[in-house]
1. Does at least one position in the range 35-44 carry a residue that is small (Gly, Ala, Ser) and modelled with pLDDT of 95 or more?
2. Condition check: in contact with a Ser or Thr (Cβ under 8 Å, 6 or more places away or on another chain), surrounded by fewer than 17 Cβ atoms within 10 Å (Cβ to Cβ) and over 16 Å from residue 19 (Cβ atoms). Does residue 88 satisfy that?
3. Hey, any hits in the range 93-101 for a residue that's farther than 22 Å from residue 13 by Cα, in a helix (DSSP H, G or I) and touching a residue at least 24 places away in the same chain (Cβ under 8 Å)?
Amino acid sequence: MFSVNKEWAFVVLTCFFELCWILGFSIATELWHWIIIVSLIIVDFTFLTNACKTIPTGTVYAIFSGVGAIGATVIDMLLFDKEVKLIQLFFVALIIVGVVQLKRADS
């Protein structure tokens, strides 16, 4: 039981670090910023690899990419005052429904 929770913790961590480096792409201006971003990507993919050891890779990747798409949209809205259209929110909601259903199917 602990192993499953540990692997899902890796999924949460990979999603968190993904959002960090996505944000970094938007604000990096100096070489040292890019060094930090590359480091975050390495850490992120380490967690992603660990998550895929026991959770189906398709499920992990769907969550990883879904959180990235949703997170990038939210970051754009909240931090960069980008306009988001209703159709974009619809498709973000569709991603959320898909990720939830993947988790339910995996249980």
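1. Pass one, the range 35-44, residues small (Gly, Ala, Ser): 39.
From what's left, modelled with pLDDT of 95 or more: 39.
Checked against the condition, which is being small (Gly, Ala, Ser) and modelled with pLDDT of 95 or more, the range 35-44 yields at least one hit.
2. Considered against the rule, which asks whether it is in contact with a Ser or Thr (Cβ under 8 Å, 6 or more places away or on another chain), surrounded by fewer than 17 Cβ atoms within 10 Å (Cβ to Cβ) and over 16 Å from residue 19 (Cβ atoms), residue 88 comes out as yes.
3. no
The values are calculated or read from the model by the stated rules, or taken from the named source; none is laboratory data. This is a predicted model, so every value here is computed, not measured. With ideal geometry, Cβ positions are generated from the backbone for all residues, glycine too; neighbour counts draw on all protein chains shown.
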